[in-house]
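Data block below; observations after.
The values are calculated or read from the model by the stated rules, or taken from the named source; none is laboratory data. Computed from a predicted structure; not experimentally measured. Methodologically, a virtual Cβ is constructed for each residue, glycine included, from the backbone with ideal geometry; neighbour enumeration extends over all protein chains shown. These area figures cover heavy atoms from the full protein model, side chains too; ligands, DNA and RNA do not enter into them. Shrake-Rupley method; radii C 1.70, N 1.55, O 1.52, S 1.80 Å.
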Amino acid sequence: MPAVGSPEMTNVASATASRPAQTQSERRSRRCAQRAPSGSANSSVVTSIGWTSSSEPTPSAAAWQTKPPASHRVPVHHSLFRSRTPISRSPPPPSSGTDAAARCCAADAIANSTAARRASAAARMVTSRIMPGIELIIDISVASWWPVGAVLLVLGVLGVAVAIRARRRFVRMLAAVGSAVLVLASAGVGVNAYFEYFSTLGEAVGGQVPDEESLAHADAADGSVPPAGAVVPATLPGTVSGFAARDALVYLPPVWFARPRPVLPVVLLLHGSPGSPDDWTEGGQAQATADAFAAQHSGVAPVLVMPDSNGSLTADTECVDSPTGQVETYLTVDVPAAVQKTFGTQPPGQRWAVVGLSEGGSCAIMLALRHPRLFSTFADFSGLVGPRLSDTNADTADTVAQLFGGSQQQFAAHDPATLLRAAPFPGMGGWFEVGTDDGEPLAAARELAPLAAAAGIDTCLVVIADGAHTFDVWSSALRSSLPWVAARLGLVPADPSMTASCQPISS
């Protein structure tokens, strides 16, 4: 035996360390192989018809059809192989190494199969027990502050208590940070409950938002009309304006995927501030609304373009050209050019509409009145009376100073009331929708709707009882106005039932 520390022992240790770890199955198979005699080209195979002895030559294929001696046959059905061929239950003759190896390998295979079945059963059990719990969690309602917000607030307060009482600095810091996060989360639940942006926890964490697919995948469709439309992200560059916009979202109705592709009208959907283009697909439910409309019209619906009108979550451009960015140029020059080129839509004009919520509502009427050759129709959901950096109709000082360089003339050129009094707008259509509990936007709608009707605009006013400045109002407004907008764009025939909820305003 080599001495410890000798070169021979060192070589042995090195070889052992370099040997890869073996699983239990591999070790068992290795032992089975070692039990077979060296030089044996074929090992015995355990089958439902019996066994062979290593004392005899390896049988040919025909020999496997021969039954064992009658003294070893007992009419018993094998439970594993389910063969109807009787097999021996009597003790077999002394086994050779070949027989032992064969039986060992067969037992190993059975053990592996059993282990696999047990693992599969365990996985099914875990899935059956965990998945209902996950579904229960993601379906928790966050449409009101209670109880989710209350629970988070209580946990935050407990975190403060731990931070005060803890002796270790690390524990105090961890508890303080955790409590701050929980309190902020509780406030976030309250804000979400007010605006009714997300309905469930699953939507809030991205588990139930509308699916998006790539534009390349949509463009490569095989020409069949799918049962529902698709939302795709799109880069609409500020080629002329130089505005650094975030990616837009575009809803493509089912009929867009047909070949040849139809030339469809366009509806711009403008978000508010703070906000982003996906406000419309999430809280605004634009995709679900458009799909429902398309399902009633053989897959036909307008292309919905949701561009970025602010450049960031908290910016407020009011959609005008200002030191904040050349946003009006972006929305009236860059976006139409990019949309036509990329999606093959109708050109701006009679077949284009602009719709907005909150700040986007003020933008919609302002852009339509300033660019009547680009937009034939507008819809203003809960917008103020015109461009405003504040939350009131009367406060214009900051707006004039920051967006128009102190020029009252430029401010008046973007003020909808001034524009409506200055000239008629024959052939244009305008839809106003607002909640009764949304004071300043309600006052704006009641001022602008009569002025629009007096200027020759086909005007509708919808006031939602108990409605506030929330996505509940705005998603409802899109559902009620989309059929009317689509008819004005020539996409579907006009139907009196489309304006059943509208209060027509006459001049």
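With all protein chains in place and a 1.4 Å probe, the accessible surface of the range 392-507 carries 53 percent carbon and sulfur. For the range 342-484, the per residue solvent-accessible surface stands at 34 Å², with DNA, RNA and ligands left out and a 1.4 Å probe. Near the amide H of Gly325, within less than 5 Å, lie no amide hydrogens of residues on another chain or at least 5 residues away, with H placed in the peptide plane. Accessible area ranking (1.4 Å probe, heavy atoms, ligands and nucleic acids excluded), largest first, for Leu174, Leu331: Leu174, Leu331. Sorting 307-313, 387-393 by average packing, meaning the other beta carbons within 10 Å per residue, from highest down gives 307-313, 387-393. Accessible surface for Met428 stands near 10 Å², nearest 10, in the context of the full protein assembly shown (1.4 Å probe).
Answer rounded, prolate or oblate for the range 213-369, using the Cα gyration tensor with square roots of eigenvalues a ≥ b ≥ c: rounded when a/c is under 1.5, else prolate when a/b is larger than b/c, else oblate. Here the range 213-369 falls in the prolate category. In sequence order, the range 374-382 has phi-based couplings of 9, 10, 8, 9, 9, 9, 10, 9, 6 Hz under the Karplus curve 6.51 cos²θ - 1.76 cosθ + 1.60, θ = phi - 60°, and Gly or Pro positions carry x. In this view, the solvent-accessible surface of Thr235, computed with a 1.4 Å probe and all protein chains in place, comes to about 100 Å². Taking amide H as placed 1.01 Å from N in the peptide plane, Leu268 has its amide H under 5 Å from the amide H of Val305, Ala353, Val354, Val355, each at least 5 places away in sequence or on another chain.
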